[in-house]
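One structure is given here, and the rest of the page talks about it.
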Amino acid sequence: MAQFSLVSASVGLITLQNPPVNALSAVLRQGIVDAVEKALCDPKVKSVVICGQNGIFCGGADIREFGTNMRGPPLIPMIHAIESANKPMVAAIEGSALGGGLELALGCHYRIAHSQARLGLPEVTLGLLPAAGGSQRLPRLIGVPAALNLITTGRHVTAAEALQLGIVDQVTDHNTVDAAVKFSQSVAGQSLDGRRISTYPCPVQPNLDAFFEEAMLKVRQSARGAIAPVACVQAVRAAATLPYAQGMKREKELMATLFTSGQARALQYCFFAQRAVGRWSTPSGGRWDTSKPRPVHTAAVIGLGTMGRGITVALAQTGLSVVAVETQVKQLTEAKQAVSGMLERGATRRGAAPTPDRITYSENIQAVAGADLVIEAVFEDMALKEKVFRQLSDVCKPGALLCTNTSALDIDHLASQTRNPELVVGMHFFAPAHVMKLLEVVYGPRSSSQAVATAMQLGKKMGKISVAVGNCRGFVGNRMLKPYLEQAFFLLEEGATPELVDRALEDFGFPMGVFKVSDLSGLDVGWRVRKADGMVESGLSTGPSARIRQGRRYSPLGDLLCEQGRFGQKTGRGWYLYDKPGGRVSKSDPWLHSFLEEYRVQQGLVARRVDQQEVLERCLFALINEGFQILEEGIAAGPEDIDAIYVFGYGWPRHRGGPMFYAGMVGLAKVMERLDHYHQAHPDEPSLQPCSLLRRLVASGKKLHSQL
Ligand code: NAI
């Protein structure tokens with residue numbers, strides 16, 4: 001609801017009241033309409049201030065109302081009524097004014113913000129555009145380039161930036177409502193003719209056509225198939241070229257297209273999935289709301305390679321004291337330098353002071369004795385990790401949580417090396433660990449719910465999307481990646497090229513195709529794992545058994561490349577060619593193409609035409625099938641967990657909602673039918689055989705997601 005009161009004898013104060021963020025629900029909109037009417041009719045009221053309860057102006061539309069039959073007064077006429085009022089309307093912005101909240105403020109004649117407030121139009125991140133006049137008013141107020149930037153990225157701006165851009169008229173460090181009340185009294189009775197943004201002409205933009213062409217090109221490139229950013233450009237263009245009323249018509253048309261698109265549904269699903277994963281539970285009864293985390297003040301990191309360095313930075317940036325242990329002197333020296341560089345760059349970005357003094361370095365594991373939580377990040381070698389866990393069990397204080405950053409190894413086995421296996425969990429970060437949003441918190445059968453709660457809470461403090469998952473080879477993310485990679489290799493054997501496969505995946509919306517990612521992370525990583533698993537036979541044998549391991553199809557292509565010293569970017573060649581070792585720009589490599597041809601000849605394989613559809617179906621449906629298997633085994637608690645892992649850790653395009661949501665969009669029956677089709681053609685590829693959960697869901701007609 002909205003509360004109306006008279007303050008300072010002549011100011012009507014309208015307070016938005018809809019906790020937690022004063023979202024513009026039907027009831028609140030009705031309250032605003034009524035309160036505005038009351039203020040305008042009351043002769044004692046000379047000016048009006050609109051503010052929000054509990055230090056938040058307004059977080060925007062009520063997303064839960066999307067997709068339902070909208071009740072209550074619509075937003076656009078409500079904002080118009082505010083703008084056309086003949087008494088000054090002042091928005092007092094504390095906390096945040098986002099989406100519909102900022103659009104409401106843009107309908108006011110003046111805006112006063114608290115210095116800590118943040119403003120923005122983030123609709124694009126939900127697959128929408130600011131369609132309560134935001135796309136038409138903002139360019140009129142601050143000019144086309146600045147408005148286009150805010151609307152197409154959805155980024156939030158600070159009060160200081162908002163003042164500089166001209167979105168707000170004043171910023172205060174004091175009580176915002178008091179400041180707005182005083183301000184409104186000072187302008188009461190003045191003409192409002194120059195204060196109604198919808199009547200402003202859009203500031204002239206030179207070379208308008210060229211400007212928008214370039215903007216569209218840029219947005220299309222970064223959007224990777226998402227349609228909302230494109231619609232945002234079109235809406236701003238309407239603001240720049242059409243009278244306000246016609247611009248509003250265009251805004252409405254564009255919104256209608258977005259609203260009914262699957263993309264908006266997928267993006268809104270991601271928004272809720274991100275929250276849902278925080279409400280974790282484990283099969284042994286641990287739950288987010290009943291398990292109390294232990295306090296963590298001092299953390300330790302063991303092993304300062306690629307991952308350990310990033311984890312150290314992320315912990316220090318969270319405000320923890322960190323003890324960082326590395327046994328190799330050279331690595332330790334390099335790590336110190338790298339970590340302080342990362343901290344400095346991070347501090348510059350955030351406008352804060354770097355915090356190197358929070359970190360102490362040591363070559364000796366004894367240094368971690370006082371830590372509340374330890375994260376091990378030594379080489380992916382079980383024997384080495386066993387040893388480290390035994391040492392930690394001896395050295396650490398009672399109750400300290402012992403975590404491993406292993407990508408795939410058995411958490412329970414590591415726990416069995418310690419005196420308190422209930423205190424062992426996986427904290428699986430993604431590279432670079434101080435940047436990537438995802439954290440898989442892996443619980444073993446003996447991990448206590450308090451241990452899971454502590455790791456989840458720490459992840460949250462570090463700003464990660466933490467997802468609790470069960471213990472199995474590769475956990476959720478890497479386990480699903482295996483059949484995806486495998487299919488990509490098989491497609492090369494059958495006639496595809498790395499370029500063709502990567503192109504299909506990038507057109508689908510991945511930032512990088514599977515072979516480019518492989519080159520980036522190093523082909524030797526998987527090679528080492530396959531060797532340890534006894535899958536690699538050196539040299540190339542011929543005959544059917546050359547491509548069979550443990551009774552199933554196997555492609556030795558990756559192994560053969562590694563034998564040639566082609567480890568990807570680090571050696572300047574892998575699936576692609578780079579200008580030098582460590583180079584980042586990939587080029588097609590004629591050597592690789594001849595190598596593939598020779599390989600097929602040797603193996604008696606006849607190349608056929610592989611199209612984009614087959615690439616997507618074989619790679620993505622095999623990955624999705626593994627996702628169903630993971631759900632069936634209870635390794636992930638629900639489809640949201642898998643989807644969040646893929647969207648935040650593996651570059652799955654957010655506008656496609658994550659692999660499990662995408663399967664629902666395609667239709668589970670279709671996914672199953674295509675898997676069956678490919679499995680018939682390739683009976684030695686078990687990852688293409690639809691798993692029983694998928695079959696059962698299709699047979700019963702049940703859906704995995706209620707949103708679909
Ligand atoms: P890395 O090879 O870059 O670094 C490992 C570091 O551990 C080296 O500096 C080594 O000197 C040090 N070390 C070895 N034994 C030690 C001991 N007893 N005490 C202290 N330090 C010791 O390895 P990276 O890539 O950082 O991987 C570490 C772990 O993280 C592995 O388990 C890996 O599977 C996992 N991981 C790696 C990811 C990646 O993208 N590199 C992503 C997610 C997990």
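So that you can scan it fast, the table gives a plain yes or no per residue for (1) within 12 Å of the chain's Cα centre (by Cα); (2) touching a residue at least 60 places away in the same chain (Cβ under 8 Å):
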position	(1), (2)
Asp611	no, no
Leu623	no, yes
Ile630	no, yes
Ala637	no, yes
Trp652	yes, yes
His655	yes, yes
Gly658	yes, yes
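The set of residues in the stretch 357-380 being exposed (fewer than 14 other Cβ atoms within 10 Å of the Cβ) and at pLDDT below 95 consists of Asp357, Phe379. Reported count of residues in the stretch 330-366, each being touching an Asp or Glu at 6+ places or on another chain (Cβ under 7 Å) and part of a helix (DSSP H, G or I), is 2.
Check whether at least one residue in the stretch 228-242 is small (Gly, Ala, Ser) and either surrounded by fewer than 17 Cβ atoms within 10 Å (Cβ to Cβ) or assigned to a loop (DSSP other than H, G, I, E, B) (or both), and report yes or no. Looking through the stretch 228-242, none of the residues is small (Gly, Ala, Ser) and either surrounded by fewer than 17 Cβ atoms within 10 Å (Cβ to Cβ) or assigned to a loop (DSSP other than H, G, I, E, B) (or both). Every condition in (1) among the polar types (S, T, N, Q); (2) assigned to a helix (DSSP H, G or I); (3) closer than 18 Å to Ile375 by Cβ is met by Gln487 except one, and the failing one is (3). The test for being basic (Lys, Arg), crowded, with 24+ Cβ neighbours inside 10 Å and modelled with pLDDT of 95 or more holds for Arg137. In the stretch 282-299, of all residues being assigned to a strand (DSSP E or B) and under 27 Å from the mean Cα position of the chain (by Cα), the one that is farthest from the ligand (Cβ to nearest atom) corresponds to Arg287. Does the stretch 458-468 contain at least one residue that is at pLDDT 95 or above, crowded, with 24+ Cβ neighbours inside 10 Å and under 30 Å from Val615 (Cα atoms)? Yes, because at least one residue in the stretch 458-468 is at pLDDT 95 or above, crowded, with 24+ Cβ neighbours inside 10 Å and under 30 Å from Val615 (Cα atoms). When each of Val204, Val144, Val168 is tested for being hydrophobic (A, V, I, L, M, F, W, C) and more than 31 Å from the chain's Cα centre (by Cα), the lone residue that passes is Val204. Does Arg224 fit the bill of being within 17 Å of Leu126 (Cβ to Cβ) and either among the charged types (D, E, K, R) or free of Cβ contacts under 8 Å to residues at least 60 places away in the same chain (or both)? Taking the combined requirement at face value, the residue satisfies it.
For the stretch 426-457, the set of residues classified as crowded, with 24+ Cβ neighbours inside 10 Å and either at pLDDT below 95 or closer than 15 Å to Val388 by Cβ (or both) consists of Gly426, Met427, listed by residue number. When residues in the stretch 507-525 are screened for being in a helix (DSSP H, G or I) and surrounded by fewer than 18 Cβ atoms within 10 Å (Cβ to Cβ), 4 of them pass. In the set (1) more than 27 Å from Pro77 (Cβ to Cβ); (2) loosely packed, with under 14 Cβ neighbours inside 10 Å, Thr153 fails one condition alone, (2).
Residue by residue, here is whether (1) more than 15 Å from Gly101 (Cα to Cα); (2) in contact with a Leu (Cβ under 7 Å, 6 or more places away or on another chain) holds:
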position	(1), (2)
Pro20	no, no
Ala23	no, no
Ala26	no, no
Ala35	yes, no
Lys44	yes, yes
Gly55	no, no
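So, of the residues in the stretch 576-609 that are outside any loop (DSSP other than H, G, I, E, B) and touching a residue at least 40 places away in the same chain (Cβ under 8 Å), which turns out to be farthest from Phe510 (Cα to Cα)? Walk me through it before giving the result.
Step one: filter the stretch 576-609 for residues outside any loop (DSSP other than H, G, I, E, B), giving 577, 587, 590-603.
This time we only want the ones that are touching a residue at least 40 places away in the same chain (Cβ under 8 Å), so: 592-593, 596, 599-600, 602-603.
Values: Leu592: 23, His593: 24, Leu596: 25, Tyr599: 29, Arg600: 28, Gln602: 33, Gln603: 32 Å.
By that ranking, first place goes to Gln602.
Taking the conditions (1) within 16 Å of the ligand (Cβ to nearest atom); (2) buried (at least 16 other Cβ atoms within 10 Å of the Cβ); (3) more than 25 Å from the chain's Cα centre (by Cα) in turn, Arg309 satisfies each one other than (3). For the stretch 316-345, which residues satisfy the criterion of being in contact with a Ser or Thr (Cβ under 9 Å, 6 or more places away or on another chain) and more than 11 Å from the ligand (Cβ to nearest atom)? Ala316, Gln317, Gly319, Leu320, Ser321, Val322, Val323, Val339, Met342, Leu343, listed by residue number. So for the stretch 607-621 (the condition being in contact with a strand residue (DSSP E or B) (Cβ under 7 Å, 6 or more places away or on another chain) and either of a type in the set (A, V, I, L, M) or modelled with pLDDT of 95 or more (or both)), does at least one residue qualify? No, that holds for no residue. Taking the criterion of being polar (S, T, N, Q) and assigned to a loop (DSSP other than H, G, I, E, B), the residues of the stretch 528-565 that qualify are Ser538, Ser541, Thr542, Gln550, Ser555, Gln564. Checked against (1) assigned to a loop (DSSP other than H, G, I, E, B); (2) within 16 Å of the ligand (Cβ to nearest atom); (3) under 27 Å from Ala644 (Cβ atoms), Leu304 meets all criteria but (3). Evaluate the stretch 178-196: report whether one residue or more is touching a residue at least 60 places away in the same chain (Cβ under 8 Å), touching a Gly at 6+ places or on another chain (Cβ under 8 Å) and assigned by TED's automatic domain parsing to the domain that holds Lys249. For the stretch 178-196, residues touching a residue at least 60 places away in the same chain (Cβ under 8 Å), touching a Gly at 6+ places or on another chain (Cβ under 8 Å) and assigned by TED's automatic domain parsing to the domain that holds Lys249: absent. Only one of the numbered conditions (1) part of a loop (DSSP other than H, G, I, E, B); (2) closer than 25 Å to Ala468 by Cβ is violated by Gly310, and that is (1). Whenever a residue of the stretch 323-345 is within 20 Å of Val368 (Cα to Cα), its partners that are near the ligand (Cβ under 8 Å from one of its atoms) and basic (Lys, Arg), lying with C-beta atoms within less than 8 angstrom and at least six residues away or across chains, give the pairs Ala335/Arg309; Val339/Arg309.
The values are calculated or read from the model by the stated rules, or taken from the named source; none is laboratory data. Please read all numbers here as calculations on a predicted model, not as lab measurements. Ideal geometry is used to build each Cβ from the backbone, glycine not excepted, and the neighbour counts take in all protein chains shown.
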